[in-house]
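Just below is one structure, and these are the notes that go with it.
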Amino acid sequence: MPHTSIPLSQLKIGFIGAGRLGRALAWSLDTAGCRVHAVASRGAERAAEFAAPIAHCAQYPTQQLADECDLVFITTPDATIQAVADGIRWRAGQGVVHCSGATEVAVLAKAAADGAMTGGFHPMQTFADPAAAARSLPGSTITIEAQGELNGILLALVERLGCAANQLPAGARARYHAAAGYASQYINVVLGEAVRIWQSWGATESQALPALLPMVRGTLASIEAAGLAKGMPGPVSRGDVGTVEKHLAALGELDDDTLRLYRDLCLRSVSLAFAAGGIDADKAARIEGILREAKS
Ligand SMILES: NC(=O)c1ccc[n+]([C@@H]2O[C@H](COP(=O)([O-])OP(=O)(O)OC[C@H]3O[C@@H](n4cnc5c(N)ncnc54)[C@H](OP(=O)(O)O)[C@@H]3O)[C@@H](O)[C@H]2O)c1
């Protein structure tokens, strides 16, 4: 356990913003034996919902919350974090963190100027329904960015939540958040493309998804077991040039966009197949050549 001046379970934690992430995180911290002392939010109804399942969680105006709490999570939308931080008189030694993946910790400059310790605490998880999200949080990774004592406190909170910690240097947040999209919303985009192709022969999304999702789960299991390269399925992994040619011809009959996306993704799969040893350099060059020549 890292050294902190206040024992973790006695640290008074406050939340500004009672939305999806704020509620899921506060409920998880409460369940993990931490002291969620107060919430401040724009709407009283949301704040009441936030506080209801937590014993002794007060609903305060933001300044009173900041005055009483040792650690404040600003869980308002990204665009409002700086204005919220700028509008508060912080005190030396308290911790102030935001939970945005893409926003630099420097937006908390007012808190730092007032003597507070500032940081970032970004759970790599999707928070649509707060109750479901609170259940899915253990086992997730939380990216923290902080210095000194605050870093120790945030690491200890991550451990309490049953999560893994990822540490990020200053200046990398936008890149890091863009990368997270590939494990999140771009899965929707790639499956949306598959569904669109199914629709070309009259099938519906509700027919396509139940057929595609078990394959997604199988692929994820394969990646977990063997890694990205050796865990990659598909014709390129086997060096099956003829099948790739059939795909290009079939998708070329649909429209240019469909062919272009297939070609770009398939090109990216060639280096993985080569790294896995599934194809040699000649076969890799041949597949790349066929893909690059495909007209779109
Ligand atoms: N949702 C996710 O999956 C997720 C994942 C990782 C990180 N995050 C980060 O978590 C933060 C919050 O996102 P969210 O999805 O929880 O947003 P959200 O559901 O829209 O909730 C934001 C909350 O902040 C309140 N609020 C807005 N402006 C405020 C202000 N000036 N002062 C006090 N409260 C204010 C809102 O009040 P009302 O209830 O009145 O609207 C709402 O309760 C963001 O930085 C986001 O990037 C979200």
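The values are calculated or read from the model by the stated rules, or taken from the named source; none is laboratory data. Quick caveat, the model's predicted, so the values are computed rather than measured. Positions of Cβ are backbone-derived with ideal geometry, glycine not excepted, and every protein chain shown enters the neighbour counts. Side chains are part of the model used for accessible areas, which takes the heavy atoms of the whole protein and leaves out ligands, DNA and RNA. Shrake-Rupley method; radii C 1.70, N 1.55, O 1.52, S 1.80 Å.
When the residues of segment 110-133 are filtered to those that are away from the ligand (no atom under 12 Å from the Cβ) and touching a Ser or Thr at 6+ places or on another chain (Cβ under 7 Å), the one that is farthest from VAL72 (Cα to Cα) is ALA112. Checked against (1) closer than 30 Å to ALA128 by Cβ; (2) open to solvent by 70 Å² or more (accessible area, probe 1.4 Å); (3) acidic (Asp, Glu), ASP280 meets all criteria but (1).
Pairing residues of segment 185-214 that are in contact (Cβ under 8 Å) with a residue 40 or more places away in the chain with residues that are among the hydroxyl-bearing types (Ser, Thr, Tyr), at Cβ distances under 7 Å and at least 6 apart in sequence or on separate chains, gives ILE197/THR258. Residues in segment 152-161 include at least one that is in a helix (DSSP H, G or I), acidic (Asp, Glu), in the same structural domain as ALA116 (by TED's automatic domain parsing) and farther than 13 Å from GLY120 by Cβ. Would you pick out the residues in segment 81-90 that are surrounded by 14 or more Cβ atoms within 10 Å (Cβ to Cβ) and more than 20 Å from ALA172 (Cβ to Cβ)? Correct list: VAL84, ALA85, ILE88, TRP90.
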